[in-house]
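None of the figures in this text is laboratory data; all of them are computed from the coordinates on show. A quick note: this is a predicted structure, and the numbers were derived from the prediction, not measured. As a convention, Cβ positions derive from the backbone with ideal geometry for all residues, glycine included, and neighbour counts pool all protein chains shown.
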Amino acid sequence: MLSLAAPTDPAWTARAVAHLPEVLVDHAHCEKKAASTALSLLFRYPEREALLAPLSRLAREELVHFEQVLALLAQRGLRFGHQRPSPYAGRLVAAARPREPERLLDLLLCAALIEARSCERFRLLAEAVPDPELADFYRGLLASEARHHGVYLELAREVADAASVRERLEELARHEASLLREMPRLARMHA
Ligand SMILES: [Fe+2]
Ligand SMILES: [Fe+2]
C-alpha cells in the first residue's frame, strides 16, 4: 500500500533506538526539509493549479511536525543544530528526469516515496522505543505520513496518466530500495 520495493533492514531499527537523541535531531531536520520540498514545488510550478492548495497544506503540516519535534527535543534537554545529513533524499531526487513534465512527475513520486519510507520507519520506531510518550508521538506521525504519501500520489495523477504513474513509481521505488542499501550506517531517519 505504501509502494515501497523493500522493507527496512532490522539493523536500522536497532541503530536508531540505540542513538535516539541523534535520530530526533535528524527527524526535526527531515520535517523542515519536507516543508521546504512542498514549498519549493509551489514556487516552481505556480501554473499547476491543482497542486497549489494541497502543497500549501502539506508544507504547513510539516512545519507543525517540525515544531512538535523541537518541543520533544527541548523536553529531553537536547539541542537542535547542524548535523551531517544522510545523502538519501539528494540521491533519490537526482534520479528525476531533467525535462518537463517528466521532471515534475518524478519529483512528486520521489516525495511520495520519502513519505512512505518515513511512515514505515515511524511504525518500526513506535514498536521499538521504550519511551511510551515517544512511541505515541511516532504512532501519530505515521498516520500523517501515510496520508502525505497518498497526497503526492494523487498529485502525480494530476500530471500524468495512471499507467505512467504506476510504471515510474515502480522504477523509482526499486531505486529507493537500492539506495538505502548503499547508505552510510548513520543514526538517521533515512540511512
Ligand atoms: Fe511530517
Ligand atoms: Fe510528511
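Taking 20 Å as the cut-off, the amide N atoms of segment 34-72 that come nearer than this to a point 7 Å along the Cα-to-beta-carbon line of residue 78 belong to 34-35, 62-72. Could you work out which residue, out of 78, 155, 107, moves most in a Gaussian network model of the chain, that is, has the largest mean-square fluctuation with Cα springs under 10 Å? Of 78, 155, 107, the Gaussian network model singles out 78 as fluctuating most. Among 96, 71, 163, the largest mean-square fluctuation in a Gaussian network model of the chain (Cα springs under 10 Å) belongs to 163. Measuring between their Cα centroids, segment 146-181 and segment 7-45 lie 18 Å from each other. For residue 97, the shell of other residues with beta-carbons less than 11 Å away shows a net charge of -1, using +1 for Lys and Arg and -1 for Asp and Glu. For segment 86-191, the set of trypsin sites (Lys or Arg not before Pro) satisfying both a DSSP loop assignment and a count of at most 13 other C-beta atoms within 10 Å is given as 99, 185. Take the alpha-carbon positions of segment 1-70, form their convex hull, and give its projected area averaged over all directions (one quarter of the hull surface) in nm². Mean projected area for segment 1-70: 6.2 nm², to one decimal.
Could you list the square roots of 5 times each eigenvalue of the Cα gyration tensor of the chain, that is, the equivalent ellipsoid semi-axes, sorted largest first and rounded to whole Å?
Working: eigenvalues 151, 68, 41 Å².
Taking √(5λ) for each eigenvalue gives 27, 18, 14 Å, largest first.
Using R0 = 41 Å, the C-beta based FRET efficiency linking residue 99 and residue 71 works out to 0.45. Given only helices, namely DSSP H runs of n ≥ 4 each adding -39500 (n - 2.57), what is the per-residue ellipticity at 222 nm of the chain, to the nearest 500 deg cm²/dmol? Taken over the chain, the calculation gives -26000 deg cm²/dmol.
Taking a sphere under 12 Å around the Cβ of residue 139 and counting the other residues whose Cβ falls inside, with K and R at +1 and D and E at -1, yields a net charge of -3. A simple count of charges around residue 188, restricted to other residues whose Cβ falls under 11 Å of its Cβ and scoring Lys, Arg +1 and Asp, Glu -1, yields +2.
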